[in-house]
Amino acid sequence: MKPNEALIWTLIVALCVADAAKVRHADEVQGNHSNQSGLEASALTKEEPPVTASTRQTNDTSLKSSAPMLNFLFMAYDRLPHKEVWEKFFQANKSGSDFRVLVHCKNATSCREDLANHSLFKLVETVETEYCFGLVSAMNELLREALAEGPGHRNDKFVFISDTTLPVKPFHLVQQQLAHDTGADNMQNYCSSERDRSHFCFFPGHWLEWPHSYGFLNFLSEFYPWHDVQSKQRMAAKHHQWMVLSRQHAEKAVQEDGMFPTLLKELKVNSGLPGTVSGCNDEFWHFNALYAGINVTGVSDTSLVHLEGMAGGDIKYDSDHLQGQCDTFVYWQSKNDGDGKEKQLGSLLEVDAFTHLSHKAGHPCEFTSLGSRSIRALRKSPFLFARKVMPQCTVSGQHRGKQFRDLADAFDTLVFSDEHLDDEDDSQLSLLAEQRAHDEERWLAQSFFSTFW
């Protein structure tokens, strides 16, 4: 290395250390000082010695892997109905190096039979689960097993996947978005890479306040008296279950496993009281266990809240949009979709005559058939995955005169191939979606006038 290059790298490292010190100082005082531009919110941890260059080096050397790993953590009931699609997604990459696949099944015997000839998928020990109220322990068991598999990399990612989820991007694009560092192209990227952050997708307008008299704040007061939680307004954010965790957050989630067993009760979730929401434990536990809620003392509706270690940018205290980083497409046909990219994509899929959606109140839409136009739209969307694609889901359409045999064949051709796909079908869907929106507006206007005149 030339002397000038060595000097430049020395300066960069020094600035990174200084930046880390400033971030730590901001975290320590963030509860006492907020301004109009936003608020620092970070995970509460027990007191640790300051991060220095020597301790940072020690921590980094404990991670022996030379490249980041994508850990795909499947939650299943008794089988993986789309395993053939996933095998095509993984086929050009190396298991144990590029990716790892772990599966938790409620019915382990059935899953063992289902996966007998599919060696990519490794079953973990089944822990007791209950739909909606007892899935967190299984999710943390998957994290525990993945972390125990071997040495890691700071940019490892832990991706939660349901048994009705399909990938809608080729592996190399998923890997690029989730795990690959941006490199040292500039000082900001070198010091703080977006790639070692967690991805949470926050529901619109679902922040709940922790009552000061409940156990969570009592716990904080007992173990973190310096934080003075009773003087602060803390909120719990509701998020999608299908999150992506950084290695640091995966390790912390395993450490916190078993904490806050009455979280839903404390938040009055599913109580039906004014100002409360419905939800499941897995939609609250991980984020709020990692961050101990969000301190919103003195924060207005228009203020932004900054979350260290979180991808997707700052979030608003009260928003009608989905916020954070939403990697998995889920369509609710309700206000849960917000009015952003999720709603736009859902509208495109609805006008495809070969795509059939069934909807149950309070649950995401279920895909029972997919047309080739919809698969193209999913491929071109900003999402990495999509659900709920039901086990019996069929596929309709063709590509260059070839009829698709099944979902695996269609996805291999339309999603996982880098071959250029024309835009004709997508433009037709867009026109149909616009026409449908126009017709709905006209119908609403006619209904309004017929009611009052």
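The values are calculated or read from the model by the stated rules, or taken from the named source; none is laboratory data. In this text the structure is predicted, and so the values were computed from the model without any measurement. Ideal geometry is used to build each Cβ from the backbone, glycine not excepted, and the neighbour counts take in all protein chains shown.
Values computed for the structure shown
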{"read-out": "Flag if Ala250 is modelled with pLDDT of 85 or more and small (Gly, Ala, Ser)", "value": "yes"}
{"read-out": "Residues (buried (at least 21 other Cβ atoms within 10 Å of the Cβ) and more than 16 Å from Ala410 (Cβ to Cβ)) located in the stretch 365-378", "value": "Cys365"}
{"read-out": "Check on Leu102, in a loop (DSSP other than H, G, I, E, B) and among the aliphatic types (A, V, I, L, M)", "value": "no"}
{"read-out": "Filter pass, Val299 being surrounded by 15 or more Cβ atoms within 10 Å (Cβ to Cβ), over 17 Å from the mean Cα position of the chain (by Cα) and modelled with pLDDT under 80", "value": "yes"}
{"read-out": "Looking only at the stretch 270-290, and only at residues there that are without any contact (Cβ under 8 Å) to a residue 12 or more places away in the chain and among the polar types (S, T, N, Q), the one that is farthest from Gly309 (Cα to Cα)", "value": "Ser271"}
{"read-out": "Test for Asp352: is it part of a loop (DSSP other than H, G, I, E, B) and at pLDDT 90 or above", "value": "yes"}
{"read-out": "Residue within the stretch 379-387 that is more than 19 Å from Leu345 (Cβ to Cβ) and outside any helix (DSSP H, G or I) present", "value": "no"}
{"read-out": "Hey, Ser381 within 25 Å of Leu80 (Cβ to Cβ), touching a strand residue (DSSP E or B) at 6+ places or on another chain (Cβ under 7 Å), at pLDDT 90 or above and surrounded by fewer than 19 Cβ atoms within 10 Å (Cβ to Cβ) or not", "value": "yes"}
{"read-out": "Matching residues, the stretch 298-331, being in a loop (DSSP other than H, G, I, E, B) and among the aliphatic types (A, V, I, L, M)", "value": "Val299, Ala311, Leu322, Val330"}
{"read-out": "Residue satisfying condition, being assigned by TED's automatic domain parsing to the domain that holds Leu245 and either under 30 Å from Trp207 (Cα atoms) or of a type in the set (D, E, K, R) (or both), within set Asp318, Asp352", "value": "Asp318"}
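Residue-wise test of (1) of a type outside the set (Lys, Arg); (2) surrounded by 14 or more Cβ atoms within 10 Å (Cβ to Cβ).
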residue: Phe72; (1), (2): yes, yes
residue: Pro81; (1), (2): yes, yes
residue: Trp86; (1), (2): yes, yes
residue: Gln91; (1), (2): yes, no
residue: Lys94; (1), (2): no, no
residue: Asp98; (1), (2): yes, yes
residue: Val101; (1), (2): yes, yes
